[in-house]
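Visitor: Structure provided below as structure tokens; questions to follow.
What follows draws every value from the coordinates through simple rules; no lab data is involved. Just so it is clear, the model here is predicted, and its values are computed rather than measured. So basically every Cβ, Gly included, is an ideal-geometry build from the backbone, and we count neighbours across all protein chains shown.
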Amino acid sequence: MRRGLSTLVCLLLAGLLEASEIVWPTSMDRTTIRSYEDYAQPTVSGKPESALFGMVRDDQHRFHEGVDIRPITRASNGEPLDRIFTAMKGSVAYINQPLNGPYGKYVILYHPEAEIPVYTLYAHLASIEKTLKVGDKLPKGSAIATMGHTSTSPTAIPKDRAHLHFEVGLVLSANFGNWYNQQAELRDSPNQHGIWNGQNLLGFDPVPVLARSSVNLLDSVRQLPTALAVTMRTKRPPDFIQRYPGLLAPGSDPAKAAGWYVEFTWYGLPKRWTALPPESQQLPKGTWSYVALDQEFRPLLVQRKMITADAKMPGETLIRNVDILLTGTR
Ligand SMILES: [Zn+2]
């Protein structure tokens, strides 16, 4: 009995040690939150769900890759006064001051010391701390900005719907710039954000992360459900798995792989990578192939354009993500 107890204590301690400490990224006190309606800033629809992660907008036709958190304090002119804080310790990876996209003014942090090196993103900021610069190492809870409603999207965000758009996720490819420059249809709009372009960032649901004061982020990603699978043939392993080796299936050796069996979430995050040896019957004939889906996720996969409506072919989101992942592997 006593040994059972001490084993349990050891397991609990190990769990605590392998976890990132998380703080709420706005002035709101996390302990006052009872449900998402307490922090959600809805879109013009007024539906609280529209602030959450997923196919929550335009009758489930538009994906929202983060969570929108409302302000708790406003100046007499109605502008929010909430401070924006680093959700966990990390370093400043990117600062976007000009108003040149839907995120408006935004900051991205990279968290190399987390169990898996995620990024966190803080968007629509009114202002960014003047002293903040790329490379700064910050503890959790550091003030980096003030909440706002900056954005260049055609449907501007009015001040009464000011919010923090918060994201946590993974970077698809360090070679994103090469992929971008190869896209004929993007030739007229140069990439202004390097690898920190939204198309190269894959957010997962931040709410389970923000809800707790300590989270093992690698376990969080590993536990995301698989919705479809792809096989790919590569000469060199994608840099994604060098950055995120924790997502390799047991026994998968990138040095011996001729390709990969890759499991994706319904929104396109490649969450598990199994190496395929040169003799594998699973290797695709061409560069890559969509090989399996979980019927439970079929409606979401279609809405997210991961697959076509008849579920027979890959959709534009899956094609783009796989294309970016494979940049520089052949
Ligand atoms: Zn948002």
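Visitor: Got a sec to turn the phi values of region 262-268 into Karplus ³J(HN,Hα) couplings, 6.51 cos²θ - 1.76 cosθ + 1.60 with θ = phi - 60°, whole Hz, x for Gly and Pro?
Guide: Values per residue, Gly and Pro as x: 10, 9, 10, 6, 5, 9, x Hz.
Visitor: Obtain the nm distance between the two label points defined at residue 130 and residue 323 by a simple spin-label model: each point lies 7 Å from its Cα along the Cα-to-C-beta direction.
Guide: The two pseudo-label positions are separated by 4.4 nm.
Visitor: What is the dipole size for region 179-330, taken about its Cα centre, with +1 at each Lys and Arg Cβ and -1 at each Asp and Glu Cβ, in debye to the nearest 20?
Guide: For region 179-330, the charge dipole is close to 260 debye.
Visitor: Let me spell out the model: positive unit charges on the Cβ of Lys and Arg, negative unit charges on the Cβ of Asp and Glu, origin at the Cα centre of the chain. What dipole size does that give, in debye rounded to 20?
Guide: It works out to roughly 460 debye.
Visitor: Same structure again: Go through 105/133; 47/159; 47/140; 235/285; 89/130 and tell me which ones have a Cα-Cα distance over 22 Å in this structure.
Guide: 47/140
Visitor: Within the set of other residues whose C-beta is less than 10 Å from the C-beta of residue 272, count the net charge using Lys and Arg as +1 and Asp and Glu as -1.
Guide: Taking every Cβ under 10 Å from that of residue 272, the sum is +1.
Visitor: In deg cm²/dmol, rounded to 500, what helix-only [θ] at 222 nm does the chain give when every DSSP H run of at least 4 residues adds -39500 (n - 2.57) and the total is split over its residues?
Guide: Per the formula, -4000 deg cm²/dmol.
Visitor: Which cross-chain or sequence-distant (5 or more) residues have an amide H under 5 Å from the amide H of residue 74, H modelled 1.01 Å from N in plane?
Guide: Close amide H contacts, sequence-distant or interchain: 81.
Visitor: So, one more: What is region 123-247's relative contact order, in percent, from Cα pairs under 8 angstrom and six or more apart in sequence?
Guide: Rounded, it is 21 percent for region 123-247.
Visitor: Let me know the Rg and Dmax you get for the chain when you use only its Cα atoms, in Å.
Guide: So, for the chain, Rg and Dmax equal 20.7, 69 Å respectively.
Visitor: Quick one: if the Förster radius is 25 Å, what FRET efficiency do residue 35 and residue 73 give, using the C-beta to C-beta distance and rounding to 0.05?
Guide: In this case the efficiency is close to 0.75.
Visitor: What is the set of long-range amide H partners of residue 145 at a cut-off below 5 Å, with H atoms built 1.01 Å from backbone N?
Guide: Here 84, 129 satisfy the definition.
Visitor: Could you list which residues have their amide H under 5 Å from that of residue 163, counting only those 5 or more apart in sequence or on another chain, with H placed in the peptide plane?
Guide: HN-HN under 5 Å from residue 163: 148.
Visitor: Continuing with the same structure: Once both axes come from the Cα atoms, what is the angle between helix 2-17 and the longest principal axis of the chain, in degrees from 0 to 90, rounded to 10?
Guide: Taking the Cα atoms of the chain, the angle to 2-17 is about 80 degrees.
Visitor: Show me, for region 185-202, the HN-Hα J-couplings you get by feeding each phi into the Karplus relation (A = 6.51, B = -1.76, C = 1.60, θ = phi - 60°), rounded to Hz, glycine and proline as x.
Guide: Per-residue couplings from phi come out as 6, 9, 4, 7, 10, x, 5, 9, 10, x, 6, 8, 6, x, 5, 9, 10, 10 Hz.
Visitor: Something else about it: What list of ³J(HN,Hα) values in whole Hz, one per residue of region 113-118 in order, does the Karplus curve 6.51 cos²θ - 1.76 cosθ + 1.60 (θ = phi - 60°) give from phi, with Gly and Pro shown as x?
Guide: Ordered by residue, 3J(HN,Hα) equals 8, 6, 4, 9, x, 7 Hz.
Visitor: What's the angle, to the nearest 10 degrees (0 to 90), between helix 316-325's Cα axis and the longest principal axis of the chain?
Guide: Here the helix axis deviates by roughly 80 degrees.
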